[in-house]
Each structure stands twice: as structure tokens, then as C-alpha cells.
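In what follows, a structure is listed as C-alpha cells, so that the remarks can point back to it.
Just so you know, all these numbers are worked out from the coordinates, no wet-lab data involved. Just so you know, these numbers come straight off a predicted model, no measurement behind them. Note: ideal-geometry Cβ built from the backbone for every residue, glycine included; neighbour counts use all protein chains shown.
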Amino acid sequence: MTETGPVPDPSDRPPTAPPAAAAVKIAIRGLHKRFGPKRVLEGLDLDVPEGRSLVVIGGSGTGKSVLIKSVLGIVTPDAGSIRVDGTELVGASRATLDAARRKFGMLFQGAALFDSLPVWENVAFGLLARRLVDRKTARERAIATLARVGLGPEAADLYPAELSGGMQKRVGLARAIAAEPEILFFDEPTTGLDPIMADVINELIRGLVRELGATALSITHDMASVRKIADRVAMLYGGKIIWEGPVERLDDSGDPYVDQFVHGRAVGPIEVGVERIG
Ligand SMILES: Nc1ncnc2c1ncn2[C@@H]1O[C@H](COP(=O)(O)OP(=O)(O)OP(=O)(O)O)[C@@H](O)[C@H]1O
Ligand SMILES: [Mg+2]
């Protein structure tokens, strides 16, 4: 089990420690990204504390996925800084980016499984691609990881098309955690699931993040999910993080934008843009 490096010891990071005491795992400063004339991120600042679960909330199209993709290196920011464990990723060399990515596990919006590969190969994809283990070991590891997300060995040889949406999410989760990453990213982990399955997935995320002692950065507009998986919450609006605080403060944030979003009100400072439709 030495091929994935040292596994973080969850007992090193007591969940009750105050946030101020936690080291910053991901530090984002002045992040800008535009697509043609469309400005998406306009000077975004955010700290993700080590061993904590931070959830970014915000309306559809505000740039939540662009934010996560920037950290993952899938989107290239126009300006700004993204440091992971103090290492700058914006403009970094391929080798530096590859080293950072080895710390990452990602559950994409919509699970994004490879349709042509059976479940076990999807789960073991990162291990196989990086030639960390042989196929037999990879399959065993995949089956053990599937068990962690509540799927039996009989799921290993199914193809994604044969799975329900909830099972696909579980497989996506298993793939995200297979290499026991230090940092987990979840993009809309509960989208398209019924409320009960959504709750099951939220519980799994909460439990896995704790077990791994991982740092988690998630994005969602599902408030039930936020309340279940977040230690801290940040709200993205107008290309910036306009509020950040502990999840307990969500209902009395004192911020009218957060308040409108959290309570799903049509009327408030957030321009919904309904008048432009039709
Ligand atoms: N590769 C791209 N090329 C052009 N525009 C893009 C690209 N990726 C994102 N955008 C635009 O950036 C904006 C933010 O997109 P993003 O996917 O980050 O939104 P989001 O907050 O994740 O929304 P949702 O909640 O619907 O997933 C959108 O207007 C989108 O059209
Ligand atoms: Mg998105």
C-alpha cells in the first residue's frame, strides 16, 4: 500500500478545532476569468482550510464550475493566484501541476463516467493511468473502494449505462477517493437525485471526507446538501466571493444576497434576469 504515499491520519485534524487554527490548504487570490466578452470571475479571493469541508454556493452560471476547473487546471485563469500547500499553480510547469493533481480527487457534475469501461476500471482509472498498480491489484482496490460507497462486488463488471443515477454517483465518488487524495472536489454531487438518494450521497461525502481527513471543496445550489456537508460556506456572486462563514451562520449571515439565495426568494438584491427571457 505504499504506492499512494502516506495516507493522512484523520486523528491529526480534530474536527472540533476552530477554523482559525487550521492551515490554509488552497489559497485563491484575485482570480479573473473571462470567455470572450463575458466576465465570469472578477477578482475572486477564497481560502480553503485544511481538513475542512467548504461549499461554494451561487446561482446557475455564476462561475462555480469555472472556479473548480481553475483549481484543477482544466480552465486557465486570465489573472490571479491559486496556491495549494503554498505552491503556485497559475502559470506553473507541467511537472508542478502534475504533482498537485496527484493530491486531487474529483466528482464531476453529472458523474462523467467512461461509458466504454466497466465500473471497476472507472474506479481504478487514476491508479491504472498512473501505472501505480497492476490490473489485478487495481481491480481488488476498486472492489474495496466500491464497498466504501455501499456497492457490492457484483457492481464491478457492470457498465455505466446499466446503473441508476444514484449508483453512478456512488461510482463517481468511489473513483474520486480511490487513490485516497488529500483534496476532494465535488461539483453538484446531488443534482438529478431524488431527495432520499441525495441524502445518502451527502452522508457518504461527509463520512468519506472525515475518514480520509481530506480537505473538501464543493459547489452546489442544493441547500440541503450545503447544510449536510459544509463546515464553511462561501457565496459566489458577481465574480467574487461576497460572503464566507461557518455553516451555522448561514441563516443569520446578515448578508442580503446570501439571505435571498438561502431562502430561495424571487425578490431581493440578486438580479434573476427573468425579464430577459422570451
Ligand atoms: N469553456 C467555456 N467557454 C465559454 N464560456 C464558458 C465556458 N465555461 C463556462 N463558460 C461560461 O461561464 C459562465 C459560468 O459557467 P459555470 O459553468 O462556471 O457556471 P455554474 O455556476 O457552475 O452554473 P451551474 O450551477 O448551472 O452549473 C457561464 O456563463 C458559462 O456559459
Ligand atoms: Mg456548474
Proximal lysine pairs in the chain, meaning Cα under 23 Å and 8 or more positions apart or interchain, come to 21
Total charge of the residues flanking residue 160 in space, meaning their Cβ is under 14 Å from its Cβ, with Lys and Arg +1 and Asp and Glu -1, is -1
The answer for trypsin sites (Lys or Arg not before Pro) in segment 200-278 that fall in a DSSP coil and have at most 14 neighbouring Cβ atoms within 10 Å is 265
Candidate cut points under trypsin sites (Lys or Arg not before Pro) in segment 103-201, DSSP loop plus at most 10 other Cβ atoms within 10 Å of their own Cβ, are 131
With DSSP loop assignment and no more than 13 other C-beta atoms within 10 Å, the GluC sites (Glu not before Pro) in segment 113-206 are none
